[in-house]
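Participant: I'd like to ask you about the structure that follows.
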Amino acid sequence: MIAARLRIRETSVHKHMHRIFAATQTNSRKRLLDLALRLAARRSASPAPRGLRLV
């Protein structure tokens, strides 16, 4: 799905995801999403939506 939207190959998506995991020291998409939400909350003036867990 990601590859189709970006119009690139699945192998490219896989390779880039592993690079992102290594650079951010995460090991799953869920942890990467948690990290992104925490960073977005820091940069945003508005609080995170209810129900989202910011660890």
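The values are calculated or read from the model by the stated rules, or taken from the named source; none is laboratory data. Remember, predicted model here, so these are calculated numbers, not experimental data. Note: ideal-geometry Cβ built from the backbone for every residue, glycine included; neighbour counts use all protein chains shown.
Participant: Being surrounded by 12 or more Cβ atoms within 10 Å (Cβ to Cβ), more than 9 Å from the chain's Cα centre (by Cα) and part of a helix (DSSP H, G or I) is the filter here; which residues of segment 22-37 pass it?
Facilitator: Answer for segment 22-37, where residues must be surrounded by 12 or more Cβ atoms within 10 Å (Cβ to Cβ), more than 9 Å from the chain's Cα centre (by Cα) and part of a helix (DSSP H, G or I): just T24.
Participant: If I ask for residues that are part of a helix (DSSP H, G or I), surrounded by 10 or more Cβ atoms within 10 Å (Cβ to Cβ) and modelled with pLDDT of 90 or more, which ones from segment 1-14 would you list?
Facilitator: Selection gives E10, S12.
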